[in-house]
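Encoded as structure tokens, the structure appears first; notes follow it.
The values are calculated or read from the model by the stated rules, or taken from the named source; none is laboratory data. These numbers were taken from a predicted model, which means no experiment stands behind them. Here the Cβ positions follow ideal geometry from the backbone for every residue, glycine too, while neighbour counts run over all protein chains shown. Accessible surface is based on the protein model in full, side chains and every heavy atom, while ligands, DNA and RNA are left aside. Shrake-Rupley method; radii C 1.70, N 1.55, O 1.52, S 1.80 Å.
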Amino acid sequence: AMYKDADGTVQHDDATCIGCQTCVKVCPYGAPQYMEDDGIVQKCDTCSALRAGGMSTVCVSACPMRAIDFGEMDKLRAKYGEGLVSELPCTEPSSTTSPNLLIKANTAALRDDFTEIVL
């Protein structure tokens, strides 16, 4: 039921989902969540309907610090300049996930000597 859309976002087809939760178990980001009442998995669809209508995603619009942006990777690279990374020492390697993600990380976030906290 998971697929990568033409725009690079990972989408979930609720109608195809059989509720096996395989995607929940293997997602390195913890994005898919099992909805017990519905018996299927669901995840953020990056506000695909809003974006199709030319609007911004809710998370971008709601972020009070304007720390989140969404768009085509080339345009984001041009907008935010040098020093962008697609992974941090504390995240899954980008070679594993091939993320469409850019982070303008501060120096501390790039350090390898972090302490992992598991909740």
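Under a Cβ-only charge scheme (Lys and Arg +1, Asp and Glu -1), can you give me the dipole magnitude of region 48-119 about the Cα centre, in debye to the nearest 20? Each step should come with its number before you reach the end.
Working: 7 positive and 9 negative charges, 86 e Å.
Charge dipole, region 48-119, about its Cα centre: 420 debye, nearest 20.
Once R0 is set to 25 Å, what does the formula 1/(1 + (r/R0)^6) return for the Cβ-Cβ distance between Ala67 and Asp113, expressed as a FRET efficiency to the nearest 0.05? Intermediate results must be reported in sequence, preceding the final value.
Details: r = 24 Å, r/R0 = 0.97.
With a Förster radius of 25 Å, E is 0.55.
Provide the per residue accessible area, probe 1.4 Å, for region 1-82, rounded to a whole number of square angstrom. Mind showing how you got there, number by number?
Details: 5870 Å² over 82 residues.
On a per-residue basis, 72 Å².
List the lysines whose alpha-carbon lies under 22 Å from that of Lys43, not counting same-chain residues fewer than 8 positions away?
The reachable lysines, counting only those whose Cα sits under 22 Å from Lys43, are Lys4, Lys25.
Any aspartates and glutamates with Cα under 14 Å of the Lys104 Cα? List them, leaving off those in the same chain fewer than 8 positions away.
Asp69, Glu82, Glu87
Taking every eigenvalue of the Cα gyration tensor of the chain, multiplying by 5 and rooting it, what semi-axes result, largest first, whole Å?
With the √(5λ) rule applied to the chain, the semi-axes are 26, 21, 13 Å.
Give me the percent of the accessible area of region 1-108 that comes from carbon and sulfur atoms, probe 1.4 Å, all protein chains in place.
Details: 4100 of 7500 Å².
Taking all protein chains in place, region 1-108 shows 55 percent carbon and sulfur surface.
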